[in-house]
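Asker: Could you have a look at this structure, given as structure tokens, before my questions?
The values are calculated or read from the model by the stated rules, or taken from the named source; none is laboratory data. Just so you know, these numbers come straight off a predicted model, no measurement behind them. Positions of Cβ are generated from backbone atoms using ideal geometry, with glycine treated the same way; all protein chains shown enter the neighbour counts.
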Amino acid sequence: MSKNITMGDLAIYIHWPFCLSKCPYCDFNSHVRGVIDEDIWADGLMKELDHYRKLSGPRNISSIFFGGGTPSLMSAGLVEKLLNRIAQNWAMAPDVEITLEANPTSTEAGKFRDFSAAGINRLSLGIQALNDADLKALGREHNMKEAREAIDLSQKYFKRSSFDLIYARMGQSLGDWEKELTEALTMAVGHLSLYQLTIERGTAFHTAHSKGRLILPGEDLSADMYDLTQAICDAHGLPSYEVSNHARKGEESRHNLAYWHYADYIGIGPGAHGRLETDGEIYSFCQDRSPEKWLANAVAQGHATAQKDCLTVQMRAEEMIMMGLRLSDGIDLKSFEKRIGQKIDKFINQTYLQHLFELGYMEKGVYQQGNQPGHHLRATKQGRPLLNSLLAQILAH
Amino acid sequence: MTELSKIRNFSIIAHIDHGKSTLADRMIQHCEGLTDREMKNQVLDSMDIERERGITIKAQTVRLKYTAKDGETYILNLMDTPGHVDFAYEVSRCLYACEGSLLVVDSSQGVEAQTLANVYLAIENNHEIVPVLNKIDLPAAEPEQIRAQIEDVIGIDASGAIKVSAKTGEGIDELLNSLVEILPPPKGDPDAPLKALLVDSWYDTYLGVMVLIRVLDGTVKKGMKIKMMAAGTTHLLDRVGVFTPKEILVDELGPGEIGFFTASIKEVSQTNVGDTITEFKNETARPLPGFKPVQSVVFCGLFPADAADFENLRDSMHKLKLNDASFTFETETSTALGYGFRCGFLGMLHLEIIQERLTREFDLDIISTSPSVIYKLHLNKGEVKKLHNPADMPDPTLISHIEEPWILATILVPDEHLGSVLKLCEEKRGEQVELTYAGTRAMLIYKLPLNEVVYDFYDKLKSISRGYASFDYQMDGYREGDLVKLSIMVNSEPVDALAMMVHRAQAEFRGRALCDRLKDLIPRQLFKIPIQAAIGGKIIARETISAMRKDVTAKCYGGDISRKRKLLDKQKKGKKKMRLYGNVEIPHSAFIAALKMGDD
């Protein structure tokens, strides 16, 4: 580790808000548009990069993530332009992780090689299901054949790659999922994101669900699916390091770890969020959500920040606890104190915590990181699937 | 002052929906008590709730001027009385103030249980009864059959029954004329010291407490200093008047007359229905037989759904009490429901009305616990303790035996539903006294424990008879019963608001039903929760809520933090609406739903 300790790490998220079609389960900030003028978008995105450079000061860029929307619809040229601008503005860590989210249609897969040449070193594929019928039901544009090819290509062109699956889908049985996951593990190399299907407001699935046309597995079955997922992935050497993310040791998404560790990150592009510490305060940022509004503001005033708030100590603490407990390792207490400025106990309802210790849902302890022992607070394997309830208790005043 | 021979005082006895209020409207219209423009339906029922539910809660009077066939003008005082068993005492006071009653029967429906009870009360008060067959305009009307039924069931001569339609006005003049001819004029001595009956009283926002009286002897005048003999208080009258039904001030009221006075009285509780009113320092030698203070028969806890509404609820109850001295309340604390009130009522209808008024007129969200009657606990030491809150139940080993109130119920039910009504009465520990027939309807007299009746008897009776059964009761003393306190425990902690007194034979069934219901009402928690029903230390029913298994957001990245934090804040606020039971959070809604349950 030859990092300049006076210069903090920074993660950068870049949002590309366009999709070929809108998936019925997705509530992300994504939009279907005809022709996109990449030059104007490049201008807007680079202006925001410059703007945030002024706010952050010199930093080490530890990771970059192109998310969306569908960032694989961007040209490799645009990606390269943005990476160049980042490299001009900040210092790139030698081992910087640069991820791009991609859809496995053949057109997009055809661009993998160029993305790799542009500097992308990690690809995250939205596979979602391993049979054509379910892919169709999920509103995906690709089929299984394309999915397989895209996975092969991603492993060929990128040093690291991952793909996503959605489970606890309508009509899915425990046996179906076991088969599908086992098959997925024969295809995965170092990383898998396995999300339980959740119904979000403002999606087509939400409407169907509220009208009773979409029936999902109940709590017990989805809990069984979650447990099975843990068991199978453990057995295949891809244990979960976060609620929905599994990786071989060292293959974790460093960029996403920055969120869960509550480190500094900036968000560029429509609807992107950021958390940035300057002068001892942590600020939250949120950019304009509408692509058109964002673009107009970014071009005209150099940024499209719709909201910037200085977070209170209480808010910071709650956010760090909320994010940190998603990790299998939990929260490193020393990092917490360093980031928040106070001990974690001050923010946690001790009566509830004690009770959760007794129930075996939470634990506090010492762990070994290299030669250094650290102290952590974490949700146990049994507690993690209940995290929302645990949080509501320990953060109750 | 009106000459005694020109006065007729009467009340109207009728079952709900048999058209009493409409008939009163027609009579008022016929005598031009109100212009057509002032007339609205059921003018006498002044509270919304009275008009909507078709019941009269407070006594009302109207003084009508009627010119009879003999060419003379008479003063007719109509008294509209509460028709429900809960207000039986008020009914009897009204009857005492009149010399006769109209017995109004729907000629398409026939005699109902409630009518029966009130007619007997009227007969006991030496009333002349004028049978009236109403609703003769209906195609289903069978006036001749109903006339025979009145003779059969009630046992009075109905040959002179008058056929009317309160709706169309047919027969109204004949009815008014018959009143003059048949009813006796009141008696009284205008020169004797004042003697008047306090019939009812209510609170008027502008005038304060208004006292409705019937003068027996002497005269009551504005400016007079009166004494309420039982209360021992004196008041200076500042207004004397009558209702036409509008309030009209008069100088005085003489014997036989019915009217009101005001005397700067602040609370209804200072006036006792049935009290004798006389002139201060010129007292009547013989006060009326006296009054009995009204006693609560049914009790329950009323709690604000939102603890912050406690003071609001207290104020609202005080306001209701201004006008309803029979409603009682005192502060109660429940571990389940927080601060609230233990309230006493005249009966189930009274309870429902109070609840409804609190909700409707005062916009309060309230939770009520299971209604309870008054039990007499005979302790080993010989002491007798009254109990109406299961929470106050002492250690059973200290009790030698428990007595519970019984009632004598009269139920009229169409033949085809008789079987199921008999079954219901047996289930409710009833003892049959009599079973007779009146046409196609059976008249059942049963002795029943009141605690079974307040639990769900009304609702069940209504549903099994499809609304055709009518029911009335009177108290029938106390009897020993094998009663136990059924406690409900959630995670081994007793939930006081759900405790109830039940007969031992019913305990297991009720306990099971409650546990089963609660199992579905209490959301899963982080651990297994036993729900138990127990008598003393003995568990008689048990259910288990399995532990929650999954509650986690699948995706939570950098863009989700703000949203999730807000969600968490909401969740934390939601916790305030929960009550903690040995670490189990029970949402308020679970209690409300559990308390609403019958054993359906």
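Asker: Any idea which of (1) surrounded by fewer than 23 Cβ atoms within 10 Å (Cβ to Cβ); (2) away from chain B (no Cβ under 14 Å); (3) at pLDDT 95 or above is the one A:Asp279 doesn't satisfy?
Answerer: Looking at each condition in turn, A:Asp279 falls short on (3).
Asker: Could you list all residues from the range A:218-268 that are under 30 Å from A:Ser173 (Cα atoms) and of a type in the set (A, V, I, L, M, F, W, C)?
Answerer: A:Leu221, A:Ala223, A:Met225, A:Leu228, A:Ala231, A:Ile232, A:Cys233, A:Ala235, A:Leu238, A:Val243, A:Ala247
Asker: On to the next question. Among B:Asp306, B:Asp238, B:Asp251, which is the only one that is among the acidic types (Asp, Glu), more than 25 Å from the chain's Cα centre (by Cα), surrounded by fewer than 18 Cβ atoms within 10 Å (Cβ to Cβ) and at pLDDT below 85?
Answerer: It is B:Asp306.
Asker: Among the residues that make up the range B:517-537, is at least one of them among the small types (Gly, Ala, Ser), surrounded by fewer than 20 Cβ atoms within 10 Å (Cβ to Cβ), within 14 Å of another protein chain (Cβ to nearest Cβ) and not in a helix (DSSP H, G or I)?
Answerer: no
Asker: Is the range B:183-196 home to any residue that is within 19 Å of B:Tyr66 (Cβ to Cβ), hydrophobic (A, V, I, L, M, F, W, C) and either touching a residue at least 24 places away in the same chain (Cβ under 8 Å) or surrounded by fewer than 22 Cβ atoms within 10 Å (Cβ to Cβ) (or both)?
Answerer: Within the range B:183-196, one or more residues are within 19 Å of B:Tyr66 (Cβ to Cβ), hydrophobic (A, V, I, L, M, F, W, C) and either touching a residue at least 24 places away in the same chain (Cβ under 8 Å) or surrounded by fewer than 22 Cβ atoms within 10 Å (Cβ to Cβ) (or both).
Asker: Can you name the residue in the range A:225-262 that is away from chain B (no Cβ under 14 Å) and assigned to a helix (DSSP H, G or I) and is also farthest from A:Leu387 (Cα to Cα) among such residues?
Answerer: So the residue we want is A:Ala235.
Asker: Considering only the range A:49-153, give the helices (runs of 4 or more DSSP H) lying wholly within it that have at least 2 residues that are under 25 Å from A:Tyr283 (Cβ atoms) and modelled with pLDDT of 95 or more.
Answerer: The qualifying helices (runs of 4 or more DSSP H) are A:76-89.
Asker: May I ask you to verify whether B:Lys596 is modelled with pLDDT under 90 and within 14 Å of another protein chain (Cβ to nearest Cβ)?
Answerer: The answer is no for B:Lys596.
Asker: Report the residue count in the range A:157-172 for those that are surrounded by fewer than 16 Cβ atoms within 10 Å (Cβ to Cβ) and touching a residue at least 40 places away in the same chain (Cβ under 8 Å).
Answerer: 1
Asker: Sticking with this structure for a sec: If I ask for residues that are facing chain A (nearest Cβ under 7 Å) and surrounded by fewer than 17 Cβ atoms within 10 Å (Cβ to Cβ), which ones from the range B:558-571 would you list?
Answerer: Across the range B:558-571, the qualifying residue is only B:Gln571.
Asker: Cβ-Cβ distance below 7 Å, separation of 6 or more or different chains: which pairs start in the range B:586-598 with a residue that is of a type outside the set (Lys, Arg) and end on one that is at pLDDT below 70?
Answerer: B:Ile586/B:Met578; B:Ile586/B:Arg579; B:Pro587/B:Lys577; B:Pro587/B:Met578; B:His588/B:Lys577
Asker: Does B:Thr271 satisfy the condition of being surrounded by 15 or more Cβ atoms within 10 Å (Cβ to Cβ) and at pLDDT 95 or above?
Answerer: When the stated conditions are applied, B:Thr271 does not pass them.
Asker: Would you mind finding the one in B:Leu288, B:Leu320, B:Leu313 that is within 23 Å of B:Glu90 (Cβ to Cβ) and in a helix (DSSP H, G or I)?
Answerer: Being within 23 Å of B:Glu90 (Cβ to Cβ) and in a helix (DSSP H, G or I) holds for just one of B:Leu288, B:Leu320, B:Leu313, which is B:Leu320.
Asker: A follow-up question, please. Inside the range A:286-356, counting only helices (runs of 4 or more DSSP H) that do not spill past its ends, which hold 3 or more residues that are within 14 Å of another protein chain (Cβ to nearest Cβ) and not polar (S, T, N, Q)?
Answerer: Result: A:313-324.
Asker: Another one. Sort out which residues of the range A:35-90 are surrounded by fewer than 22 Cβ atoms within 10 Å (Cβ to Cβ) and among the basic types (Lys, Arg), and write them in order of number.
Answerer: Hits for the range A:35-90 are A:Lys47, A:Arg53, A:Lys54, A:Lys81, A:Arg85.
Asker: Looking only at the range B:323-370, filter to residues that are touching a Phe, Trp or Tyr at 6+ places or on another chain (Cβ under 7 Å) and assigned to a loop (DSSP other than H, G, I, E, B); which one of those is surrounded by the most Cβ atoms within 10 Å (Cβ to Cβ)?
Answerer: In this case the residue turns out to be B:Leu337.
Asker: Considering each of B:Ala533, B:Ala497 in turn, give the residue that is among the aliphatic types (A, V, I, L, M) and modelled with pLDDT of 90 or more.
Answerer: After ruling out the rest, the residue left standing is B:Ala533.
Asker: Taking the stated definitions as given, is B:Glu142 surrounded by fewer than 23 Cβ atoms within 10 Å (Cβ to Cβ), without any contact (Cβ under 8 Å) to a residue 12 or more places away in the chain and not hydroxyl-bearing (Ser, Thr, Tyr)?
Answerer: no
Asker: A:Ala272 is checked against (1) in contact with a strand residue (DSSP E or B) (Cβ under 9 Å, 6 or more places away or on another chain); (2) aliphatic (A, V, I, L, M); (3) more than 11 Å from every other protein chain (Cβ to nearest Cβ) and fails just one. What number does that condition carry?
Answerer: Unmet for A:Ala272, out of (1) in contact with a strand residue (DSSP E or B) (Cβ under 9 Å, 6 or more places away or on another chain); (2) aliphatic (A, V, I, L, M); (3) more than 11 Å from every other protein chain (Cβ to nearest Cβ): (3).
To keep it simple, each residue is scored yes or no on (1) of a type in the set (D, E, K, R); (2) loosely packed, with under 13 Cβ neighbours inside 10 Å; (3) touching a Ser or Thr at 6+ places or on another chain (Cβ under 8 Å).
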{"residue": "B:Leu377", "(1), (2), (3)": "no, no, no"}
{"residue": "B:Asp395", "(1), (2), (3)": "yes, yes, no"}
{"residue": "B:Pro414", "(1), (2), (3)": "no, no, yes"}
{"residue": "B:His417", "(1), (2), (3)": "no, no, yes"}
{"residue": "B:Tyr437", "(1), (2), (3)": "no, yes, no"}
{"residue": "B:Met443", "(1), (2), (3)": "no, no, yes"}
{"residue": "B:Val454", "(1), (2), (3)": "no, no, yes"}
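Asker: Every residue in the range A:357-381 that is within 10 Å of another protein chain (Cβ to nearest Cβ) and either polar (S, T, N, Q) or closer than 19 Å to B:Cys556 by Cβ (or both), please.
Answerer: A:Tyr361, A:Ala379
Asker: Looking at the range A:368-384, can you tell me whether even one residue there is closer than 18 Å to A:Glu242 by Cβ, without any contact (Cβ under 8 Å) to a residue 24 or more places away in the chain and assigned to a loop (DSSP other than H, G, I, E, B)?
Answerer: yes
Asker: Looking at this structure, is B:Met210 farther than 27 Å from B:Asn118 by Cβ, modelled with pLDDT under 95 and buried (at least 19 other Cβ atoms within 10 Å of the Cβ)?
Answerer: no
Asker: Please work out which residue is surrounded by the most Cβ atoms within 10 Å (Cβ to Cβ), limiting yourself to the range A:178-196 and to residues that are away from chain B (no Cβ under 14 Å) and closer than 15 Å to A:Asp224 by Cβ.
Answerer: Of everything passing the filter in the range A:178-196, A:Leu181 is surrounded by the most Cβ atoms within 10 Å (Cβ to Cβ).
Asker: Name every residue in the range B:531-548 that is polar (S, T, N, Q) and touching an Asp or Glu at 6+ places or on another chain (Cβ under 9 Å), in order of residue number.
Answerer: Within the range B:531-548, B:Gln532, B:Ser546 meet the criteria.
Asker: Of the numbered conditions (1) polar (S, T, N, Q); (2) in contact with an Asp or Glu (Cβ under 8 Å, 6 or more places away or on another chain); (3) assigned to a loop (DSSP other than H, G, I, E, B), A:Asn388 satisfies every one except a single condition; which is it?
Answerer: (3)
Asker: Any chance you could count how many residues in the range B:448-505 are of a type in the set (S, T, N, Q) and over 18 Å from the mean Cα position of the chain (by Cα)?
Answerer: 5
Asker: Here's something else I'd like to know. Determine if the range A:237-253 includes at least one residue that is buried (at least 21 other Cβ atoms within 10 Å of the Cβ) and among the basic types (Lys, Arg).
Answerer: No, the range A:237-253 contains no residue that is buried (at least 21 other Cβ atoms within 10 Å of the Cβ) and among the basic types (Lys, Arg).
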